[in-house]
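Worksheet: the structure to be examined is printed underneath.
The values are calculated or read from the model by the stated rules, or taken from the named source; none is laboratory data. None of the values given here were measured: they were computed from a predicted structure. Backbone-built Cβ (ideal geometry, glycine too); neighbour counts: all protein chains shown. Areas reflect the complete protein model, heavy atoms only, side chains present, ligands, DNA and RNA absent. Shrake-Rupley method; radii C 1.70, N 1.55, O 1.52, S 1.80 Å.
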Amino acid sequence: MRPINSKITQIVEETPSIRTFRFDTSLDDAQPGQFVMVWVRGVDEVPMGCSFKNGITVQKVGDATSRLFEMKEGDSVGLRGPFGKGFTLPAKDENILIIAGGVGVAPLGPLADEAASVGAKVTTILGARTESELVFEQRFSEAGDVHVTTDDGSAGTCGFVTTVLAEMDVSEYDRICVCGPEIMMFNVLKMLEEKGAHDRAEFSLHRYFKCAIGVCGACCMDHEGLRVCKDGPVLNGSLLLDSEFGNYKRSSSSQRVKV
Amino acid sequence: MVKITGIEFRNPTILASGIMGTTGASLVRMANSGAGAVVTKSIGPEPKIGHPNPSMVKLDCGFLNAMGLPNPSYADFDNEIKIAKEGADVPVIASIFGGNAEEFVRVAEGLADAKPDAFELNVSCPHAEGYGATIGTDSCMVEAITAAVCDSVDVPVWVKLTPNVTDIKSIGKAAENGGAAAVVAINTLRGMAIDIYSGYPILGNRFGGLSGSAVKPVAIKCVYDLYEALDIPVIGVGGVSSWEDAVEMIMAGASAVQIGSAVHEGVEVFGDIATGIDQFLQNNGYAGVEDITGLAHEVI
Ligand SMILES: Cc1cc2nc3c(=O)[nH]c(=O)nc-3n(C[C@H](O)[C@H](O)[C@H](O)COP(=O)(O)OP(=O)(O)OC[C@H]3O[C@@H](n4cnc5c(N)ncnc54)[C@H](O)[C@@H]3O)c2cc1C
Ligand SMILES: Cc1cc2nc3c(=O)[nH]c(=O)nc-3n(C[C@H](O)[C@H](O)[C@H](O)COP(=O)(O)O)c2cc1C
Ligand code: FES
């Protein structure tokens, strides 16, 4: 598909470095965990989880995201998607645990909304460096219970999402859905493996995308050659044990780099 | 079983270069999904990050891409070939590129230790300045580079041709004269798409290469012409996404077919096409692919 010309209709400042952009384009068939390619014309095209059917939530890190942060309501970008495989859709009366770190909230927000709307029970562990970096706290509380953690203790439990997870009985949950920095997700996976729950866990991964449609192989992971853009970005924990996950990834020239 | 340039393939479908070919593990996955052989991403002398995105878009008629030959360089890639050779029970062909004969030789020698079953010279990428088609449109350079690589390695050398020339036969001849064991045709056709709402060319590199169904008739004609002009085998590539497409390509003169863009529909495409070709041969009383290679030349 060609990029859909999409006008920014609303910009919400979530934290000093994270903003939500809403568009006049709504990808109504987007499932929680799927992503769009956001074409910041003249700069780059980058993957972003759909945090709403018509919105993305972006952390400013480099060229494309900085240019996006200069944009105003009424400016436009090109959107292609939704692409990839999202989270397993929650069913009524299921018990779902969401673990989100930093901008990892983006694909998990719609999952929490969806789970609550079908009558699943949602519990969220929401982590950030500090209180002002917490995103979607209100949104997750509307879907269920929220346990906040901050690295500096400025809100909720002082520590990491794993500090809260360690105290939990994960056998209660039908599914555990995770997104955040890879090291955080890797520590969660190891903890869940010890508790025998890794095959009930789903992780939304981050790899360098070029084609984003499952052809070029830039995003392939060892040792199964899974394509994060097409077989993922959401992958079951059992697929990630004994993979490169938590260890290394590929740069834009496909060289191995440490996570 | 198909034998081309002395190498045995379990079936005539081959993974095309640049598709799922940047890691050893992904090459193994393609072999496991049924490919009779796999070709790596084109590897060059230095690490290259490629062009900015968008680097690939699906259009109504096919795909446009301008990856810009991203690759980790031969120094970092020999390990991936080793992984592919260990894990895949099919031949592994190393696609290489360079800006001149010396660079091609440096890359080929650098990868020789990893023991690829053949080298495929990319003198045909349409959108990498100083590489690919810049060389592949000049028959003298094609001959010189082919000869230099053939001298420096002891496995067969295939040369992948660009359709962006007036006369592909003369370039094919140059490859043959240089010692190529086979030619591979075709790489992508130069193309471009523009976003009418902003006026921006869609690809980060502005223009790129067209692949997929749209290029099949062009590829069939190139294979047909090369089959007539050359004594070495022709490997067909461009727009093959079904067994019917593959049979058509073989009848034009291909000894085997490579498959690229069709992986978009699913990695099972290799197994499906190989089975389809087998069925077709059986149903029509042909003993093997050789029986129909170039058939379109004989009937008239
Ligand atoms: C499936 C997926 C979903 C994502 N969802 C979100 C999200 O909802 N919100 C958010 O803020 N970020 C998200 N990201 C990360 C986001 O894509 C990068 O932060 C963004 O590309 C940075 O672009 P840049 O030009 O500003 O940075 P650059 O200066 O170009 O690079 C900074 C870093 O960003 C990453 N990056 C750059 N280009 C790409 C690319 N083409 N593919 C993958 N990573 C790239 C690399 O890790 C790079 O080191 C997601 C990534 C993936 C793979
Ligand atoms: C994303 C992409 C990357 C490619 N990269 C290379 C490459 O590195 N080297 C090469 O010789 N051909 C490359 N090609 C060309 C293909 O190998 C093939 O010749 C072309 O796509 C036509 O075949 P198809 O229609 O089956 O895709 C690439 C094609 C695509 C779509
Ligand atoms: S980015 Fe091309 S296959 Fe995933």
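Note the full-extension length gain between A:Met1 and A:Arg129 as 0.36 nm times their separation in residues minus their Cα-Cα distance, in nm to one decimal.
42.3 nm
Indicate the gyration tensor shape class of segment B:245-300 (rounded, prolate or oblate), computed on the Cα atoms with a ≥ b ≥ c the square roots of the eigenvalues: a/c under 1.5 is rounded; otherwise a/b larger than b/c is prolate and the rest oblate.
oblate
So how strong a dipole does the protein assembly as shown carry about its Cα centre when Lys and Arg Cβ are +1 and Asp and Glu Cβ are -1, to the nearest 20 debye? Numbers along the way, then the final one.
On the way: 44 positive and 71 negative charges, 191 e Å.
So the magnitude is around 920 debye.
Please compute the per residue accessible area over segment B:1-85 with all protein chains in place, 1.4 Å probe, rounded to a whole number of Å².
28
At most 15 other Cβ atoms within 10 Å plus a DSSP loop assignment makes a site exposed; report the longest stretch of chain B without any exposed GluC sites (Glu not before Pro). Spell out each step's value before the answer.
On the way: sites that count: B:Glu129, B:Glu268.
It runs B:130-267.
For A:Lys190, go through the lysines and keep the ones whose alpha-carbon is under 27 Å away, minus same-chain ones fewer than eight residues off.
A:Lys85, A:Lys121, A:Lys230, A:Lys249, A:Lys258
May I ask what percent, to the nearest 5, of DSSP beta bridges between residues of chain A are antiparallel?
Of those bridges, close to 60 percent are antiparallel.
DSSP loop GluC sites (Glu not before Pro) in segment A:105-197 with at most 14 other Cβ atoms within 10 Å of their Cβ, which ones?
The qualifying sites are A:Glu167.
Sort B:Met141, B:Met56, A:Met191 from largest to smallest accessible area, using a 1.4 Å probe on the heavy atoms of the protein chains.
So the residues, ranked largest to smallest area, are B:Met141, A:Met191, B:Met56.
Measure off, as a whole percent, the carbon and sulfur share of the 1.4 Å-probe accessible area of the protein assembly as shown, all protein chains present.
Values: 10040 of 20840 Å².
Of all accessible area on the protein assembly as shown, carbon and sulfur atoms account for 48 percent.
To the nearest whole number, what is the average tally of beta carbon atoms from other chains within 10 Å of the beta carbons of peptide B:197-206?
So the per-residue partner count for this stretch is 4.
Between segment A:1-36 and segment B:206-267, what is the separation of their alpha carbon centroids in Å?
For segment A:1-36 versus segment B:206-267, the Cα centre distance is 39 Å.
Calculate for the protein assembly as shown the 222 nm mean residue ellipticity that helices alone would give, adding -39,500 (n - 2.57) per DSSP H run of length 4 or more and normalising by residue count, nearest 500 deg cm²/dmol.
Working: 17 runs with 163 residues, N = 559.
Here the helix-only value at 222 nm equals -8500 deg cm²/dmol.
Probe 1.4 Å, all protein chains in place: accessible area of A:His206 in Å², nearest 10?
Using a 1.4 Å probe on the heavy atoms, I get roughly 130 Å².
Evaluate peptide A:80-92: per residue, the Cβ atoms of other protein chains within 10 Å of its Cβ; return the mean as an integer.
0
Among rounded, prolate and oblate, which fits chain B when a ≥ b ≥ c are the square roots of the eigenvalues of its C-alpha gyration tensor, a/c under 1.5 means rounded, and a/b larger than b/c means prolate? Before the final figure, lay out the partial values.
Numbers: a/c = 1.27, a/b = 1.13, b/c = 1.13.
Rounded, since a/c falls under 1.5.
Determine the shape class of segment A:4-83: with a ≥ b ≥ c the square roots of the Cα gyration tensor eigenvalues, call it rounded for a/c under 1.5, and otherwise prolate if a/b is greater than b/c, oblate otherwise.
Judged from the Cα gyration tensor, segment A:4-83 comes out rounded (a/c under 1.5).
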